[in-house]
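Let me begin by presenting the structure, written as structure tokens, before commenting on it.
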Amino acid sequence: MLVKNIEEGEVIKLLPKHKAKVKIKRHSQCIGCQHKGFCDPFGKEFMIVEARNTIGAKVGQRVEVKFPSYNKTKAMFILYIIPLFSLILGAILGNFLNPINNKDLSSAIFSILFVILSFVGIKFYTNLLSKKNPSSEPQIINIYFENKY
């Protein structure tokens, strides 16, 4: 089932290929979002999202951004289970290989390395998904021409 989430934000930077960076107020729903890989942290209250800008929004304009979401279970698996599995696998491999002759330290280093690699892989997967299916990435759908506040 396709669920559409729409958020308000402000365009802060224009990018090549009809894209823009949009500053959006962070919500509690962000934790389980399938599009978390598109966001960059910007303090505790805001996030920066890279969105398709086919309607020509300009820097400083308030806009609506649509986030298509397909499967929350899949997103939760990707964001939580894969890093957890990577952490455990890193600990086991570090203990087994023991490259620095200290099993505990080797396990800790391998665990951290595998978790970092899992998040890099998730980011790569998200980027690959958006290139294959542009409708799966956030999109600016409306520009507010007057200040709502």
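The values are calculated or read from the model by the stated rules, or taken from the named source; none is laboratory data. Note that the structure is predicted; figures quoted are calculated from it, not measured. When we count neighbours, we look across all protein chains shown, and the Cβ atoms used for this are built from the backbone with ideal geometry, even at glycine.
A few notes on this one:
- The residue of the range 70-84 that is nearest to Ser111 (Cα to Cα), among those that are modelled with pLDDT of 80 or more and among the β-branched types (Val, Ile, Thr), is Ile82.
- Picking from residues in the range 103-149 that are of a type in the set (A, V, I, L, M) and not in a helix (DSSP H, G or I), the one that is farthest from the chain's Cα centre (by Cα) is Ile143.
- Count of the range 13-29 residues which are closer than 12 Å to Ile48 by Cα, surrounded by fewer than 14 Cβ atoms within 10 Å (Cβ to Cβ) and at pLDDT 90 or above: 1
- Members of the range 91-149 that are β-branched (Val, Ile, Thr) and over 18 Å from Leu15 (Cβ atoms): Ile92, Ile100, Ile109, Ile112, Val115, Ile116, Val120, Ile122
- The residues listed here are Phe38, Phe67, Phe42; of these, the one that is modelled with pLDDT of 75 or more and of a type in the set (Phe, Trp, Tyr) is Phe67.
- Residue list for the range 99-138, restricted to those being surrounded by 15 or more Cβ atoms within 10 Å (Cβ to Cβ), among the polar types (S, T, N, Q) and touching a Pro at 6+ places or on another chain (Cβ under 8 Å): Ser106, Ser118, Ser136
- Verdict on Ile100 being outside the structural domain of Gly9 (by TED's automatic domain parsing), of a type outside the set (Asp, Glu) and either on the phi > 0 side of the Ramachandran plot or not in a helix (DSSP H, G or I) (or both): yes
- Test for Gly60: is it loosely packed, with under 13 Cβ neighbours inside 10 Å, in the same structural domain as Lys25 (by TED's automatic domain parsing) and out of contact with any strand residue (DSSP E or B) (no Cβ under 7 Å at 6 or more places or on another chain): no
- Neighbours by Cβ (under 7 Å, 6+ apart or cross-chain): first from the range 73-84, part of a helix (DSSP H, G or I); second buried (at least 16 other Cβ atoms within 10 Å of the Cβ): Ala75/Cys33; Ala75/Gln34; Ile78/Ile122; Leu79/Lys36; Ile82/Ser118; Ile82/Ile122; Pro83/Val115; Pro83/Ser118
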